[in-house]
1. Go over the candidates Val33, Val55, Val40, Val88 one by one and state the one that is surrounded by 15 or more Cβ atoms within 10 Å (Cβ to Cβ), in contact with a Cys (Cβ under 7 Å, 6 or more places away or on another chain) and not charged (D, E, K, R).
2. Which residues, counting only those in region 224-242, are open to solvent by 10 Å² or more (accessible area, probe 1.4 Å) and of a type outside the set (Gly, Ala, Ser)?
3. Working only within region 91-103, note down all residues that are open to solvent by 40 Å² or more (accessible area, probe 1.4 Å) and in contact with a helix residue (DSSP H, G or I) (Cβ under 7 Å, 6 or more places away or on another chain).
4. Looking for something open to solvent by 80 Å² or more (accessible area, probe 1.4 Å), hydroxyl-bearing (Ser, Thr, Tyr) and either in contact with a Ser or Thr (Cβ under 9 Å, 6 or more places away or on another chain) or touching a residue at least 24 places away in the same chain (Cβ under 8 Å) (or both) - is there at least one such residue anywhere in region 338-354?
5. Is region 67-75 home to any residue that is among the small types (Gly, Ala, Ser), touching a residue at least 40 places away in the same chain (Cβ under 8 Å) and farther than 29 Å from Leu277 by Cα?
6. Does Gly291 count as among the small types (Gly, Ala, Ser) and modelled with pLDDT of 95 or more?
7. Out of Lys34, Lys78, Lys6, Lys57, I need the residue that is of a type in the set (D, E, K, R), modelled with pLDDT of 90 or more, outside any loop (DSSP other than H, G, I, E, B) and more than 19 Å from Trp128 (Cα to Cα). Which one?
8. Across region 81-96, which residue is farthest from Ala269 (Cα to Cα) among those that are β-branched (Val, Ile, Thr) and modelled with pLDDT under 80?
Amino acid sequence: MDSKTKQMILSALCKHFSLDPEPFLGGAGESDVKTLYSNVLKASGKEVSAQNNEVLKWLDFAEGFPAISKDCFAALEKLNVELGTKSVLLGNGLTPSAADVAVFSAVHSSVLGLSDSDKEKVPHVIRWINYIQNKEELSTLFAPIPVKLSVFDFEVSKSVPKVEANSNTKKATEGVKPVDKSEAQPITKKTEPEEPKKKATTEKDAKKEKKKPAETEPAKKDAELSVSLLDIQVGLIRKAWKHPSADSLLVEEIDVGEDKVRQVVSGLAKFCNPDDLTNRLVALITNVKPGKLRDVMSQGLVLCASSEDHSVVEPLLPPAGAKPGERVSFAGIEGKPEDVLNPKKKQLEKITPGLYTDENGVATYKGIPFMTSAGPCTSSIPKATIK
């Protein structure tokens with residue numbers, strides 16, 4: 001590894017640990033990466049991580065990353081496999097480790113030079129690169145790597161247009177109408193008494209009336225399953241702290257552009273540090289019924305992505321530039337959200353199975369992205385469930 005790359009790794013590690021790199025730069029090119037890391041860690045006053053052996057393994061990877069361009073892509077493919085089942089190399093998904101920062105620094109120039117077609121071959125690396133460069137705010141040290149976050153086609157929405165569902169229902173309902181007069185007036189015979197005729201007509205009319213609501217029932221079910229019932233808004237966490245009486249819960253004050261911030265209780269204590277959530281954008285369902293969770297009032301639901309085994313959980317991240325209070329939209333899906341979701345109808349439970357992130361970490365409803373004025377909401381966890 002050349003001395004310039006080592007200096008970049010050192011500078012990135014110092015930024016990660018909030019240290020001035022100047023005292024460490026002298027002789028940095030002559031030290032190995034493990035020594036640089038050890039010196040920075042010691043100066044930071046941080047304790048050695050319980051995952052220190054894993055950190056050292058990734059520092060070896062960083063130092064051994066090929067300098068010859070033809071060998072770089074093979075190393076990136078191996079890294080892509082490693083990242084296929086995790087959001088970051090080490091850490092909890094919201095707080096990347098020193099290993100992530102060091103490896104990012106080592107591979108940055110190689111990834112920066114990839115063509116679009118090569119980037120598509122290592123999607124997990126690209127998703128991870130984008131997360132680290134933004135989360136660690138490394139643009140002051142490294143040139144930003146352009147990433148196409150949204151590989152999707154808005155035309156997909158045409159397969160589920162709301163108008164088409166209504167027109168089908170209307171046609172199905174109209175299909176009952178020909179029964180109206182011709183069948184209601186049977187051919188009379190002199191031998192038939194008058195009372196049975198009236199009774200038969202009444203029974204047919206009653207059956208016809210029963211058919212109408214049955215035909216419109218599928219449309220009602222479709223409406224109940226529409227994501228448009230949810231009022232999802234961009235929120236900015238102003239403050240977060242641990243719940244006073246529940247170890248698994250955090251309490252947040254979230255700004256959604258209203259006169260007062262909303263207080264929300266979330267089950268994120270095992271996955272997120274309150275300090276990491278402060279001043280972070282989130283996607284918030286604002287029309288859930290307010291209620292107390294362990295004696296603390298909650299006025300919303302923070303939407304979070306979760307890995308398959310639930311070992312990594314993180315709030316969805318609206319893009320920088322999205323404004324607190326703006327409503328998240330879904331292309332081709334219209335409708336007014338409920339004022340307050342009815343818990344008895346279990347509307348939220350019926351909708352959330354359709355919420356997930358795609359292979360690039362873009363949050364979607366049945367493949368249709370969560371869109372804001374600044375772009376889609378994302379997560380560092382690909383193919384995650386959202387709830």
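1. Values: Val33 fails: in contact with a Cys (Cβ under 7 Å, 6 or more places away or on another chain); Val55 fails: in contact with a Cys (Cβ under 7 Å, 6 or more places away or on another chain); Val88 fails: in contact with a Cys (Cβ under 7 Å, 6 or more places away or on another chain).
Val40 is the lone residue from the list that is surrounded by 15 or more Cβ atoms within 10 Å (Cβ to Cβ), in contact with a Cys (Cβ under 7 Å, 6 or more places away or on another chain) and not charged (D, E, K, R).
2. Within region 224-242, Glu224, Leu225, Leu229, Asp231, Gln233, Leu236, Arg238, Lys239, Trp241, Lys242 meet the criteria.
3. Taking region 91-103 first, the residues open to solvent by 40 Å² or more (accessible area, probe 1.4 Å) are 91-92, 95.
Hits for region 91-103 are Gly91, Thr95.
4. Looking for residues that are open to solvent by 80 Å² or more (accessible area, probe 1.4 Å), hydroxyl-bearing (Ser, Thr, Tyr) and either in contact with a Ser or Thr (Cβ under 9 Å, 6 or more places away or on another chain) or touching a residue at least 24 places away in the same chain (Cβ under 8 Å) (or both), one finds none in region 338-354, hence no.
5. yes
6. On the way: among the small types (Gly, Ala, Ser): yes; modelled with pLDDT of 95 or more: no.
No.
7. Numbers: Lys78 fails: more than 19 Å from Trp128 (Cα to Cα); Lys6 fails: modelled with pLDDT of 90 or more; Lys57 fails: more than 19 Å from Trp128 (Cα to Cα).
So the residue among Lys34, Lys78, Lys6, Lys57 that is of a type in the set (D, E, K, R), modelled with pLDDT of 90 or more, outside any loop (DSSP other than H, G, I, E, B) and more than 19 Å from Trp128 (Cα to Cα) is Lys34.
8. Going residue by residue through region 81-96, those that are β-branched (Val, Ile, Thr) are 81, 85, 88, 95.
Narrowing the set further to residues that are modelled with pLDDT under 80 leaves 85, 95.
Numbers: Thr85: 22, Thr95: 13 Å.
Checking each candidate, the answer is Thr85.
The values are calculated or read from the model by the stated rules, or taken from the named source; none is laboratory data. Owing to the predicted nature of the structure, the values given are computational and were not obtained by experimental measurement. Neighbour counts run over all protein chains shown; Cβ positions are idealised from the backbone, glycine included. Each accessible area value is taken on the protein alone, full model and side chains, heavy atoms only, with ligands, DNA and RNA left out. Shrake-Rupley method; radii C 1.70, N 1.55, O 1.52, S 1.80 Å.
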